[in-house]
């Protein structure tokens with residue numbers, strides 16, 4: 001495939017993605033018009049989308065549950081089985097076969113883009129499921145950043161996406177527990193397959209998983225997140241149901257602890273001794289090919305590791321220049337490295353307590369809400385909650401993250417922030433973190449897509465990392481016109497976070513394509529930003545665990561920023577920032593070339609007004 005450079009994407013043009021108008025109904029006394037080929041093609045296309053979505057929900061019941069669809073809520077999913085893999089592969093191939101029976105030429109411009117996105121998604125799924133790729137991925141089913149062992153406890157705790165309003169909800173959770181235990185045992189089997197073929201995880205990530213499991217197993221049953229639903233029975237439950245469910249939940253948790261013990265003991269005694277001591281994919285059998293595949297999947301562009309590494313180095317240099325301006329503005333006498341250390345260590349930049357940090361994020365949220373109408377004409381109906389990470393998982397989490405709400409707005413989205421090791425954390429990055437993870441970042445992008453019932457489901461609920469994280473990083477830049485970065489230290493905070501994303505390009509490619517060590521990567525981040533060692537360590541270990549994901553942020557954000565600059569230049573007084581944001585957000589997370597085509601068409605239409 002020809003390499004597409006970011007600078008060349010502007011040459012692509014196509015129609016905007018808007019829903020087609022319904023044809024007018026014929027009057028009763030007129031002869032019915034001949035069938036409209038375009039409408040027939042549209043109907044066939046959307047029937048395919050609906051069929052594919054329904055089949056996908058059957059295979060992935062948690063996807064349905066996150067949407068508030070409870071039809072399959074008694075199942076977790078048959079993951080890590082040949083049956084599941086073959087079914088997903090067959091669905092993707094059948095979907096492509098059906099798609100190719102529909103004449104793309106007969107579709108309207110809107111549907112052509114939906115056709116292309118669907119084709120892209122199904123083709124990507126097939127590439128991920130080739131035997132060659134599965135032999136490199138499925139045999140490494142868990143690491144400290146990606147695995148059911150950290151996702152599921154929160155999910156099933158009564159504070160996650162799973163509802164606990166009825167007796168049936170509680171019983172469905174018990175049924176999912178049984179499938180979770182089976183999944184943990186299947187994960188051990190997959191690890192053994194990797195041991196046999198020489199494709200194994202790193203010693204670092206495996207050790208972190210062992211520590212995570214030790215932490216969970218050390219909790220008394222009554223303090224386990226799995227026990228959470230027992231502490232929040234609805235008042236409508238009978239005493240008999242409460243007693244029965246309490247007993248059944250306690251027994252189920254004993255079984256879960258036993259499964260976690262089996263996994264922990266296997267990893268510690270059998271798997272850890274054969275793990276990789278080098279942390280990059282380049283040190284793993286087949287790792288170079290896997291990393292190249294992951295880069296294209298993450299960015300939606302066939303960029304090389306070398307290109308991304310050099311882009312990162314250039315961005316690091318540019319951001320350093322902006323940081324020097326802040327240092328001069330605040331009157332700091334010393335080098336930029338000394339300024340980093342000052343921000344990293346001075347008591348004025350330390351959160352005072354977990355409670356104070358929480359209150360600070362509440363205040364930021366209110367301030368952002370007051371500015372939103374100037375930049376957005378359409379906001380989510382789904383509310384946004386602000387919470388610290390649960391203490392059992394906070395040590396290995398990033399500084400913040402977002403968990404989506406339900407499409408109907410009945411379950412709020414959640415902005416999580418990290419209150420672990422407060423002395424290592426600094427306050428200048430608080431505003432930019434909220435803009436990224438909360439509003440208008442992930443919360444707006446994900447919620448607006450989910451709430452748009454006019455979109456096919458794969459566009460409402462699907463997406464790609466370059467768009468999703470690119471939008472969130474772009475959202476951080478809105479703090480400038482919103483006035484939040486008039487304070488030089490808050491401006492330094494957003495530059496520091498932007499520096500993080502630029503360093504990610506350097507460090508992720510450095511680790512996985514250029515043989516960098518963990519310590520080398522951590523030191524690079526400390527040398528080029530004010531990050532504390534705890535955060536820098538967590539970031540680097542994240543890149544080790546999930547290669548290429550960190551590349552998406554800058555690639556996506558630079559694309560959106562370039563498109564906005566282009567629109568501002570070409571439209572002049574006709575440019576409306578709220579309308580631009582609606583164009584970008586209005587149709588879900590698009591592959592970057594498709595987003596480019598949509599913006600180009602909007603610009604052309606505005607010029608013609």
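Descriptive notes on the structure:
- For residue 288, the stated conditions hold: it is within 30 Å of residue 120 (Cα to Cα), assigned to a helix (DSSP H, G or I) and touching a residue at least 40 places away in the same chain (Cβ under 8 Å).
- So residue 564, is it assigned to a helix (DSSP H, G or I) and farther than 19 Å from residue 496 by Cβ: yes
To keep it simple, each residue is scored yes or no on (1) out of contact with any strand residue (DSSP E or B) (no Cβ under 7 Å at 6 or more places or on another chain); (2) within 20 Å of residue 436 (Cα to Cα); (3) assigned by TED's automatic domain parsing to the domain that holds residue 431.
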| residue | (1), (2), (3) |
| --- | --- |
| 499 | yes, yes, yes |
| 507 | yes, no, yes |
| 515 | yes, no, yes |
| 518 | yes, no, yes |
| 530 | yes, yes, yes |
| 543 | yes, yes, yes |
| 548 | yes, yes, yes |
| 552 | yes, yes, yes |
| 567 | yes, no, no |
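- Condition met for residue 263 (under 30 Å from residue 158 (Cα atoms) and touching a helix residue (DSSP H, G or I) at 6+ places or on another chain (Cβ under 7 Å)): yes
- Index of the failed condition, residue 253 passing every other in (1) on the phi < 0 side of the Ramachandran plot; (2) in the same structural domain as residue 336 (by TED's automatic domain parsing): (2)
- Any hit, the range 71-83, residues being in a helix (DSSP H, G or I) and either at pLDDT 95 or above or not assigned by TED's automatic domain parsing to the domain that holds residue 107 (or both): yes
- Restricting the range 45-57 to residues that are out of contact with any helix residue (DSSP H, G or I) (no Cβ under 6 Å at 6 or more places or on another chain) and buried (at least 16 other Cβ atoms within 10 Å of the Cβ), the residue that is nearest to residue 107 (Cα to Cα): 49
- When the strands (runs of 3 or more DSSP E) confined to the range 370-482 are screened for residues that are buried (at least 23 other Cβ atoms within 10 Å of the Cβ), those reaching at least 3 such residues are found at 413-417.
- Of all residues making up the range 483-533, the number that are touching a residue at least 40 places away in the same chain (Cβ under 8 Å) and not in a helix (DSSP H, G or I): 11
- Some residue of the range 493-505 being surrounded by fewer than 21 Cβ atoms within 10 Å (Cβ to Cβ) and farther than 16 Å from residue 336 by Cβ: no
- Of the set (1) exposed (fewer than 15 other Cβ atoms within 10 Å of the Cβ); (2) within 16 Å of residue 157 (Cβ to Cβ); (3) under 31 Å from the mean Cα position of the chain (by Cα), all apply to residue 218 but (2).
- Residue 194 more than 15 Å from residue 257 (Cα to Cα) and either over 26 Å from the mean Cα position of the chain (by Cα) or loosely packed, with under 14 Cβ neighbours inside 10 Å (or both): yes
- Screening 475, 410, 377, 404 for residues that are at pLDDT below 95 and touching a helix residue (DSSP H, G or I) at 6+ places or on another chain (Cβ under 6 Å) leaves exactly one candidate, 404.
- Residue count, the range 413-431 (criterion: out of contact with any helix residue (DSSP H, G or I) (no Cβ under 8 Å at 6 or more places or on another chain) and more than 17 Å from residue 363 (Cα to Cα)): 1
- Residues that are surrounded by fewer than 17 Cβ atoms within 10 Å (Cβ to Cβ), assigned to a helix (DSSP H, G or I) and not assigned by TED's automatic domain parsing to the domain that holds residue 193 do occur in the range 111-122, at least one of them.
The values are calculated or read from the model by the stated rules, or taken from the named source; none is laboratory data. Since we're looking at a predicted model, the values are computed, not measured. Note that each Cβ is placed from the backbone with ideal geometry, even for glycine, and that neighbours are counted across all protein chains shown.
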